[in-house]
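Accompanying notes for the structure given below.
A short reminder: the numbers here are calculations on the coordinates, not readings from a lab. From a predicted model like this one, the values you see are computed outputs, not experimental measurements. Heads up, the Cβs are rebuilt from the backbone with ideal geometry, glycines too, and the neighbour counts pull from every protein chain shown.
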Amino acid sequence: MTTIDKKWQELGYIDEPISDSIDLKTEIRKMCKQKNAVIMAHYYTEGAIQDLADFVGDSLALAQKAATTDADIIVMCGVHFMGETNKILCPNKKVLVPDLNASCSLAQSCPAEEFEKFVKAHPDHTVISYVNTTAAVKALTDVVVTSSNARQIVESFPADTPIIFGPDHNLGGYINRLTGRNMLLWDGACHVHENFSAEKILKLKAQHPQAKVLAHPECEEEVVMLADKVGSTSALLKFSIADEAQEFIVATESGILHEMQKGAPNKTFIPAPPSDSTEACNECNFMKLISMRKLYNCLKYEWPEIEVDEDVAKKAVRPINKMLEISHKLGL
Ligand code: SF4
């Protein structure tokens with residue numbers, strides 16, 4: 001390994017200077033063709049990355065797409081757990097994430113060793129984990145869910161099934177309220193969604209009385225209670241385009257506004273304000289680490305590559321496949 005390689009490894013991404021004369025988008029598309037690579041992007045990445053990607057979606061759609069792609073290389077423009085999920089589903093493909101520092105506060109809030117102790121303390125419980133977890137946590141799980149299918153998958157188990165739900169206590173609490181279940185919740189949360197302020201949304205609503213409030217179930221209960229529509233990013237996107245309202249206050253990561261505005265150019269989308277605008281805001285700092293320059297270098301050098309321990313991957317693939325099977329059966 002060269003000195004430069006070591007530097008990149010420490011950084012977690014390739015920071016090689018790129019000449020201003022290079023048209024990054026054209027070169028990225030050219031490399032995709034030469035290398036048979038596909039670019040997937042989450043709705044929370046910056047708009048230019050979404051526009052360049054072959055496929056844009058939420059966690060469920062990205063996993064479904066990864067499971068069926070015939071590309072040799074998958075470049076996951078999103079956070080680390082999304083790259084891991086792709087690698088677990090496609091062990092023979094090269095999976096790249098342009099910046100290894102793109103983590104997720106939800107995944108971080110659930111260390112595998114601690115979660116294992118929690119699972120072992122409740123041996124009679126079925127373990128349902130949100131996709132926003134590390135591969136090691138998925139390996140301890142019976143079935144993975146996303147916010148697009150969590151309710152339906154929970155309801156696919158008999159009502160008296162004891163269930164552990166992790167790591168998002170807001171999503172778990174929302175599903176408990178919807179289904180009347182009493183799932184045991186891991187105490188994790190997303191720092192972006194937990195930061196929305198019900199009080200500030202109400203003030204905004206007073207200024208825009210016709211606006212409908214859209215909220216992701218990772219938000220706290222008091223924010224969810226205010227919403228006209230609660231759902232996954234793709235559900236909120238569909239609703240915002242199809243609904244007759246012309247104005248929306250959007251309580252999820254603000255990257256989704258790009259696709260909403262594209263789908264309904266004449267409507268107004270207002271990002272919901274965070275409770276503390278001086279610190280965390282309604283942007284996911286992890287998702288925004290993925291830049292065009294990092295994507296270019298990542299494709300050029302085919303690094304950083306996601307690797308998942310073989311034994312962990314063997315265990316983690318079962319609950320992911322179970323989710324995909326149930327979703328397919330339910331037409332989700
Ligand atoms: S918005 Fe929250 S849940 Fe989504 S990737 Fe960022 S930290 Fe994770």
Rg over Rh [alpha-carbon atoms, Kirkwood Rh] for segment 152-251:
1.02
Of Lys7/Lys288; Lys238/Lys322; Lys25/Lys294; Lys205/Lys262, which ones are farther than 18 Å apart at the Cα?
Lys7/Lys288; Lys238/Lys322; Lys205/Lys262
Radius, Kirkwood style, for segment 186-240 when every pair of distinct Cα atoms is counted (Å):
11.7 Å
R0 of 45 Å, Cβ-Cβ distance Asp142-Lys7: FRET efficiency to nearest 0.05
0.60
Using the basic label-point model (7 angstrom from Cα toward the beta carbon), what is the Thr268 to Asp51 distance in nanometres?
2.4 nm
Only Cα pairs under 8 Å and at least 6 apart count here; give the relative contact order of the chain as a rounded whole percent.
23 percent
Length added when fully stretched, Glu221-Thr68, from 0.36 nm per residue minus Cα-Cα:
51.5 nm
Over all Cα pairs of segment 192-290, how is the pair count split among 5 Å bins, expressed in % and running from 0 up to the last occupied bin?
3, 15, 27, 26, 20, 8, 2, 0
Using a cut-off of under 14 Å, list every residue of segment 62-84 whose amide N is near the label point 7 Å from the Cα of Ala112 along the Cα-to-beta-carbon line.
81, 84
Give the cross-link partners of Lys87 among the aspartates and glutamates, using a straight C-alpha distance below 16 Å as the criterion and excluding same-chain residues fewer than 8 apart.
Asp70, Asp72, Asp99, Glu302, Glu305, Glu307, Asp309, Glu310, Asp311
What's the extension gain from Gln210 to Asp15 if we count 0.36 nm per residue and subtract their Cα-Cα distance?
65.6 nm
Using only the alpha carbons of segment 1-136, what is the convex hull's orientation-averaged projected area in square nanometres?
10.4 nm²
Using r as the Cβ-Cβ distance of Asp124 and Asp187, and R0 as 22 Å, what FRET efficiency do you calculate, to the nearest 0.05?
0.60
Treating each Cα of the chain as an identical point scatterer and ignoring solvent, apply the Debye formula and state log10 I(q)/I(0) at q = 0.16 Å⁻¹.
-1.42
Computed curve, segment 89-153, Cα-only Debye sum without solvent term, log₁₀ I(q)/I(0) at 0.14, 0.29 Å⁻¹, is -0.51, -1.28
Starting from the Cα-Cα distance between Glu247 and Leu24, subtract it from 0.36 nm times their residue separation and give me the gain in nm to one decimal.
76.8 nm
Glu305 versus Lys35, label points 7 Å from Cα toward the beta carbon: distance in nm?
1.1 nm
Would you mind checking which residues have amide H under 5 Å from Tyr43's amide H? H placed 1.01 Å from N; only 5 or more apart, or other chain.
Gly57
